[in-house]
Amino acid sequence: MTFPPARRSYTIPLPAGRVLDLGSRCLVMAILNVTPDSFAEVSARIDPTTAVDAALRMEAEGADIIDIGGESTRPGAKPVGADEELARVLPVLRMLAGRMVVPISIDTSKADVARAAVAAGAAIVNDVSGLRFDPALAGAVAESGAALVLMHSRGRPQTMNADAVYTDVVADVTAELRDSLQRAAEGGVAIERTVVDPGIGFAKRPSHSYGVLARLSELAAALDRPVLVGPSRKSFLRNAVDGRPAADRDWGTAAAVTAAVLAGAHIVRVHAVAEMVQVVRVAEEIRRHSEMANG
């Protein structure tokens, strides 16, 4: 069994002189939604104390990054103002200050939220819009010294499904992520601070999401940036798992995470941390033995 070439290594600068080393193994980013309308969880962690307990548990279970989000970006989700988003995430960030070893990511597309979140302790900004929504976000990230995840998407959550039309999904997503990298550079974000995410499930039919996973190494090679993949519990898995609801798609997620690791993903973003840490570690062993056997 042969897999793509060895994963490229990158060192991502973070605030306060910290760095994120990507390449020696795939990291697990844990999803911490502090929204009342998460698509993939039975109960929302809108209470700050509950959210903090969940973050600490995820770190103990092996998460390498905690990604905190205060606005749902699922298809059809209604937008939330910056004040409401901040009211959800800042108490959690402040209560976690000094209590976590792993870096915290803020899942937002708003400059004001990113700026306040980094000041409160976040080290990474995870933007599902690829810098399309808020022209001021790149500058806010550049000023903060945070790392920046640029995800591919089209349209807005309310309209993204109508935009899922591609000539060649990997070529098109690669070109549009390259545009996001250019926007980041123009806003002052150094290239070495960036990570790309092909946006599984965002403005993509199931065939598009599977196509991106199958050709992930092609996208990574073309962009020469570390790649984050977020397949967790998403609707593209639904038909393959007999229509199971989102909260019951962890076995399907495990298969997608395995494929991403074998294809060379640097980070996978997941809900079920303890389970997916095991999946990632086994997939890494398979990859490592393939590399040993081939060279």
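Values for this structure:
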item	result
Enumeration of residues in region 101-113 that are within 20 Å of I267 (Cβ to Cβ) and open to solvent by 60 Å² or more (accessible area, probe 1.4 Å)	V101
Condition met for S217 (under 22 Å from L20 (Cα atoms) and touching a helix residue (DSSP H, G or I) at 6+ places or on another chain (Cβ under 6 Å))	yes
Among residues of region 65-95, those that are β-branched (V, I, T) and assigned to a loop (DSSP other than H, G, I, E, B), counted	2
Residues of region 146-166 satisfying the condition of being out of contact with any strand residue (DSSP E or B) (no Cβ under 7 Å at 6 or more places or on another chain), more than 18 Å from V212 (Cα to Cα) and either free of Cβ contacts under 8 Å to residues at least 12 places away in the same chain or not charged (D, E, K, R) (or both)	G155, P157, Q158, T159, A162
Qualifying residue in region 134-153 (condition: within 23 Å of A51 (Cα to Cα), open to solvent by 10 Å² or more (accessible area, probe 1.4 Å) and hydrophobic (A, V, I, L, M, F, W, C))	no
Of all residues making up region 112-158, the number that are in a loop (DSSP other than H, G, I, E, B), of a type in the set (A, V, I, L, M) and in contact with a Pro (Cβ under 7 Å, 6 or more places away or on another chain)	2
From V195, V241, V189, residue being touching a residue at least 60 places away in the same chain (Cβ under 8 Å) and either crowded, with 19+ Cβ neighbours inside 10 Å or more than 30 Å from S144 (Cα to Cα) (or both)	V195
Residue list for region 5-25, restricted to those being crowded, with 16+ Cβ neighbours inside 10 Å and either at pLDDT below 85 or not in a strand (DSSP E or B) (or both)	R7, L14, P15, R25
Where a residue in region 167-180 is closer than 15 Å to A220 by Cβ and its partner, wherever it lies, is among the acidic types (D, E), with Cβ under 6 Å and at least six apart	V170/E218
Selected residue (only one of G98, G62 is open to solvent by 50 Å² or more (accessible area, probe 1.4 Å) and in a loop (DSSP other than H, G, I, E, B))	G98
Pair list, Cβ under 7 Å, 6 or more apart: region 44-73 residue within 13 Å of H271 (Cα to Cα), other residue basic (K, R) and part of a loop (DSSP other than H, G, I, E, B)	A54/R45
Residue within region 204-219 that is open to solvent by 70 Å² or more (accessible area, probe 1.4 Å) and acidic (D, E) present	yes
Filtered residues of region 65-95 (kept if open to solvent by 30 Å² or more (accessible area, probe 1.4 Å), under 14 Å from the mean Cα position of the chain (by Cα) and modelled with pLDDT of 95 or more)	none
Check on A119, without any contact (Cβ under 8 Å) to a residue 12 or more places away in the chain, farther than 23 Å from A203 by Cα, small (G, A, S) and open to solvent by 70 Å² or more (accessible area, probe 1.4 Å)	no
Test result for V28, under 19 Å from V279 (Cβ atoms), modelled with pLDDT of 95 or more and touching a Gly at 6+ places or on another chain (Cβ under 7 Å)	yes
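The values are calculated or read from the model by the stated rules, or taken from the named source; none is laboratory data. Nothing here was measured: the structure is a model prediction, and the numbers come from that model. Here Cβ is always computed from backbone atoms with ideal geometry, including for glycine, and neighbour counts include all displayed protein chains. For accessibility, only protein heavy atoms count, side chains too; no ligands or nucleic acids. Shrake-Rupley method; radii C 1.70, N 1.55, O 1.52, S 1.80 Å.
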